[in-house]
Amino acid sequence: HCLLSSYHELIMKLAITAILAILGTSSAYSTTKASSRRDLLSNVAKGALFGIGAVAVAPTAEALEICPPKANNCVRTTFTPPAGTSKDGVAAALRDAINAYPQEGQSDVDKGGWTIASDDLSGAGTARIEYKSGIGKFAKFFNGGKPFVDDLKFEIDGSNIVQVRSQSRVGDSDFGVNQKRVDYIETTLKKAGW
């Protein structure tokens, strides 16, 4: 009877630990991906073994999504800082490179300027910049007179490497606009010693 009672108690602890672990690692507002099932099960087992209600899981950085297959309007790459650069140092250098980008555009792209839509480089390590391209007759013909808007996203991962993704919101081709934008920022960082 005592063994059966201990067994039921263990099962109950496992169930409660699993529920708490699941609830503790997800959020409707989170931009990080959920932990893997292996991590979750490992934490549940640790919790049950050591009598802990739930073992917290540090969320892993969510790498920016890859570009869709055969996408002609998306660029995905990484920027690697000099060895030993802290996250704050990476964030500062990246902000400097972003702010060095001309508002009037460059290489015949981004003539509509840009705005920083979000900047949490020092916290979560993420930022998103909106660029406006295709001003003029081309935009009038293909986009109802509105400029094309592209999103440039950055994420500083756990190794302080900057994950980069630039993509047009509409269309199948960007005529190299995203690549020119990413190249400009990369060149700016290289001039700073990256």
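Values quoted throughout were computed directly from the atomic coordinates according to the rules given, and no laboratory measurement underlies them. Please read all numbers here as calculations on a predicted model, not as lab measurements. So basically every Cβ, Gly included, is an ideal-geometry build from the backbone, and we count neighbours across all protein chains shown.
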Around ASN73, with a cut-off of 10 angstrom between Cβ atoms, what is the net charge of the other residues, counting Lys and Arg +1 and Asp and Glu -1?
-2
For the charge dipole of the stretch 72-194, defined by +1 on Lys and Arg C-beta atoms and -1 on Asp and Glu C-beta atoms about the Cα centroid, which residue among VAL177, PRO147, PRO81 has the Cα displaced farthest towards the positive pole?
PRO147
Using the per-residue mean of other Cβ atoms lying within 10 Å as a proxy for protection, in what order, highest first, do the peptides 106-114, 167-175 fall?
106-114, 167-175
Volume per residue, Å³, of the convex hull around the alpha-carbon atoms of the stretch 75-194?
90 Å³
Within the set of other residues whose C-beta is less than 12 Å from the C-beta of GLN103, count the net charge using Lys and Arg as +1 and Asp and Glu as -1.
0
Once the piece of chain linking ILE161 and THR187 is laid out straight, how much longer is it, given 0.36 nm per residue of separation minus the C-alpha distance between them?
7.8 nm
Tally Lys and Arg at +1 and Asp and Glu at -1 over the other residues with C-beta under 13 Å from the C-beta of ALA93: what net charge comes out?
+1
